[in-house]
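Taking it in order: structure first as structure tokens, then the write-up.
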Amino acid sequence: MSGTRRWLLYLILLLALALVGVPGVAQGQAVKNPDTLIYAHAGDHDSLDPAWQYDTLSSGTTLWNVYETLIFFRGISVGDYVPLLAKQVPSLQNGLISADARTFTFPIDERARFSDGTPVTAEDVKYSLMRFMLMDRDGGPSWILLSTIIGEDTTRDKDGNLKPDIYDKVNRAIQVRGNNVVITLHRPYAPFLNIMASWSMVISKRAAIAKGDWDGTKATVAQLNNPKTNSDTKLFDGAIGSGPFVIERWDRQNKTVVLVRNDRYWRGTPPALRRVIFRTVEEFATRRLMLQQGDADVIDVGRAEQSQVEGLAGVRIVDDLATFVTQALFMNLKISAEGNPYIGSGKLDGNGIPPDFFSDVHVRRAIAYSFDYATFARDAYRGKITLGNGPIPRGMFGYNPRGQWYTTNRDRAIAEWREAWGGRVWDQGFKMTVLFNSGNTARRIASQILKSNLEALNPKFKVETQGLAWSTYLAQENEGKLPIYFLGWAADYADPDNFVYPFMHSNGTFTGAQSYKNPEVDRLIEEAQRTANPERRRQIYFRLQEIAYSDVPTIYLGYPTGFTVMRTWVRGWYWNPIFFVPTGYLYTLSKGQ
């Protein structure tokens, strides 16, 4: 408890600094574009459809800013809530949570309006939640509500066919009673309100149908389910929400998303900013110049580049921000070989790797011993990272500070390589490509470290590194084409289930693309979801950490602390660890001296 108090005090101090500004910054400089905030970021958007988007940039652009949720986080807290589209936060005390903790009632605020002026109704809420669950695209976020509400991770059977009763199950679990939305869980689940604070995004049913989207009926749910590409959804470029901003346009050629102020914002005062521009700028030097000249207000900066923005006039850095993020290196146990340029010959002949190259655990352990963790922490994060030992980040319940993990060890790496594929890997060598998303300096550095260390072990080991645009990277990962690649995970909600499931469960976001499956892992994760006893849950998560070490389909690199770089004229900024992008909640932002 005392640790929690210290952490809260620390965040409150950060909030105070953020709100009042930092002493010593440049004063009197004219504010450029005073009613427009420009965020220059390294990646590009994947989709603006709330049921498809599952990357930090796309979600961070629209969540709460365009699409509002039933409840929201109170300031910097990740465990305290305030009403948003609902009039009250459900609790046992106010009777909106049933005695068995399975039924939650959300009374919808009659004042709530979409940006087109039409009222937000309980029917809109039900439609939005059902659409989110039933779209269920491969690698998407639908599992979060599916598993929580009806106890099933997917809408499809083992053969990939839509379950015939899935619509009925979802429809029964989410009911409209007057202006209330009543959700009945298949079993009590403590993090449910935390999930609803992020994943109950509401859109206008009428406007969605008018755009050709799902009509809300069972007869057409198959057409909604599992679209193959991001642009296959009718709301790919956005939907009508009730938030303080509206999507004005998505210029995909110039990789720019523009939000404009919702002047009719239903909660009263419209936001101070008239326009917010999200612009992809892959080159750090260009982002830095934009920041320096005031053409960008917030930019993406890697830890390795931090020194290049320190001391810039009119720029402030807010450092040591708490985050729930895990950075990792993924290995694909069943690579999609068709038209794949990253696996060379596709054979174990010294000029490529076979599609099942990483299915041999000795290959995976050899990679783990080959990586230079200390250099990675120093060069990619300036030491601002706790080295990883599993999916659950430090500071979250279930993290095991004494969990065993790999260290850089040349002798053990060679021993594992000699064991791999009966010794053929060591004798014949290989050629493969390590991938990262362009503009992410930490992952580019990590790729180069891995290449250098592998090639130093054996002259027959040949490694190339390649960066891909963010949306391309995500698409190819989802298609199973990336053989070995770097990615990270930011918490959807503050519970360890949100880390072990996507990283380790066979239906998880990452494991699906990796083709990793361990029945014991699945059983343990599902038991932890059902278990209310904290000590039993802790034991399960510790056991999962042990399996993560022994199976090692994923190398957990670490848990970084965050920092944000912005112009000093940005006002009203604050940080919550659950936020996805450094701009945070746009409603509170303004610009001024």
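Points to keep in mind about this one:
- Residue list for the range 54-68, filter: modelled with pLDDT of 95 or more and assigned to a loop (DSSP other than H, G, I, E, B): W64, N65, V66, E68
- Restricting the range 531-556 to residues that are within 24 Å of the chain's Cα centre (by Cα) and of a type in the set (K, R), the residue that is modelled with the highest pLDDT: R538
- Tabulated pairs, the range 362-385, first under 18 Å from R412 (Cα atoms), second in a helix (DSSP H, G or I) and open to solvent by 50 Å² or more (accessible area, probe 1.4 Å), C-beta under 7 angstrom, 6+ apart or interchain: H362/E419; Y369/R412
- Number of the exception - I97 against (1) within 28 Å of the chain's Cα centre (by Cα); (2) closer than 14 Å to L193 by Cα: (1)
- Among (1) modelled with pLDDT of 95 or more; (2) under 24 Å from V301 (Cβ atoms), the one test that D356 misses: (2)
- Index of the failed condition, G388 passing every other in (1) without any contact (Cβ under 8 Å) to a residue 12 or more places away in the chain; (2) in contact with a Leu (Cβ under 6 Å, 6 or more places away or on another chain): (1)
- The range 69-123, residues that are aromatic (F, W, Y) and in a loop (DSSP other than H, G, I, E, B): F114
- Within the range 235-251, the residues that satisfy the criterion of being crowded, with 18+ Cβ neighbours inside 10 Å and either among the β-branched types (V, I, T) or outside any strand (DSSP E or B) (or both) are L235, F236, G238, A239, I240, G241, S242, G243, P244, V246, I247.
- Single condition V318 does not satisfy, out of (1) in a strand (DSSP E or B); (2) in contact with a helix residue (DSSP H, G or I) (Cβ under 7 Å, 6 or more places away or on another chain); (3) more than 29 Å from G395 (Cβ to Cβ); (4) of a type in the set (A, V, I, L, M): (3)
- Yes/no for R111 being open to solvent by 50 Å² or more (accessible area, probe 1.4 Å) and either touching a strand residue (DSSP E or B) at 6+ places or on another chain (Cβ under 9 Å) or over 23 Å from D49 (Cα atoms) (or both): yes
- Of the residues making up the range 73-84, those that are touching a residue at least 40 places away in the same chain (Cβ under 8 Å) and open to solvent by 10 Å² or more (accessible area, probe 1.4 Å) are G75, I76, S77, V78, G79, Y81.
- The residues listed here are D159, D100; of these, the one that is over 21 Å from L235 (Cα atoms) and without any contact (Cβ under 8 Å) to a residue 40 or more places away in the chain is D159.
- When N225 is tested against (1) closer than 25 Å to I71 by Cα; (2) touching a residue at least 40 places away in the same chain (Cβ under 8 Å), exactly one condition is not met: (1).
- Of the residues making up the range 159-179, those that are within 26 Å of the chain's Cα centre (by Cα) and in a loop (DSSP other than H, G, I, E, B) number 1.
Here is a yes/no grid of residues against (1) touching a residue at least 40 places away in the same chain (Cβ under 8 Å); (2) under 21 Å from the mean Cα position of the chain (by Cα); (3) not in a strand (DSSP E or B):
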residue: Q448; (1), (2), (3): no, no, yes
residue: K451; (1), (2), (3): no, no, yes
residue: A456; (1), (2), (3): no, no, yes
residue: P459; (1), (2), (3): no, no, yes
residue: V463; (1), (2), (3): no, no, no
residue: G467; (1), (2), (3): no, yes, no
residue: S471; (1), (2), (3): yes, yes, yes
residue: G480; (1), (2), (3): yes, yes, yes
residue: G488; (1), (2), (3): yes, yes, no
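- Among the numbered conditions (1) touching an Asp or Glu at 6+ places or on another chain (Cβ under 8 Å); (2) hydroxyl-bearing (S, T, Y); (3) closer than 19 Å to Y473 by Cα, the only one that T233 does not meet is (3).
- Qualifying residue in the range 462-469 (condition: of a type in the set (S, T, Y) and within 13 Å of F330 (Cα to Cα)): no
- L134 meets each of the listed conditions (1) in contact (Cβ under 8 Å) with a residue 40 or more places away in the chain; (2) under 28 Å from the mean Cα position of the chain (by Cα); (3) open to solvent by 10 Å² or more (accessible area, probe 1.4 Å) apart from (3).
- Some residue of the range 47-63 being among the small types (G, A, S), more than 24 Å from A190 (Cβ to Cβ) and in contact with an Asp or Glu (Cβ under 8 Å, 6 or more places away or on another chain): yes
- Residue list for the range 85-106, filter: open to solvent by 30 Å² or more (accessible area, probe 1.4 Å) and farther than 27 Å from G268 by Cβ: L92, Q93, G95, S98, A99, D100, A101, R102, T103
- Spans of helices (runs of 4 or more DSSP H) in the range 329-445 with at least 3 residues out of contact with any helix residue (DSSP H, G or I) (no Cβ under 8 Å at 6 or more places or on another chain) and surrounded by fewer than 17 Cβ atoms within 10 Å (Cβ to Cβ): 424-428
- G439 being among the small types (G, A, S), free of Cβ contacts under 8 Å to residues at least 60 places away in the same chain and either in contact with a strand residue (DSSP E or B) (Cβ under 9 Å, 6 or more places away or on another chain) or closer than 23 Å to G383 by Cβ (or both): no
- Residues in the range 366-410 that are of a type in the set (A, V, I, L, M, F, W, C) and over 30 Å from G422 (Cβ atoms): A374, F376, A377, A380, I385, L387, I392, M396, F397.
- Residue selected from the range 466-500 under the condition of a type in the set (S, T, Y) and open to solvent by 10 Å² or more (accessible area, probe 1.4 Å), by the criterion nearest to V78 (Cα to Cα): S471
- Restricting attention to the range 261-309, the residues that are open to solvent by 20 Å² or more (accessible area, probe 1.4 Å), out of contact with any Gly (no Cβ under 8 Å at 6 or more places or on another chain) and more than 25 Å from N437 (Cβ to Cβ) add up to 10.
- Of the candidates D379, D356, D349, D372, the single residue that is among the charged types (D, E, K, R) and over 23 Å from A456 (Cα atoms) is D356.
- Residue within the range 400-412 that is farther than 26 Å from A490 by Cβ and among the small types (G, A, S) present: no
The values are calculated or read from the model by the stated rules, or taken from the named source; none is laboratory data. Predicted, not measured: the structure shown is a model, and the values here were computed from it. Positions of Cβ are backbone-derived with ideal geometry, glycine not excepted, and every protein chain shown enters the neighbour counts. In case anyone asks, the SASA skips ligands and DNA or RNA and just uses the protein heavy atoms, side chains included. Shrake-Rupley method; radii C 1.70, N 1.55, O 1.52, S 1.80 Å.
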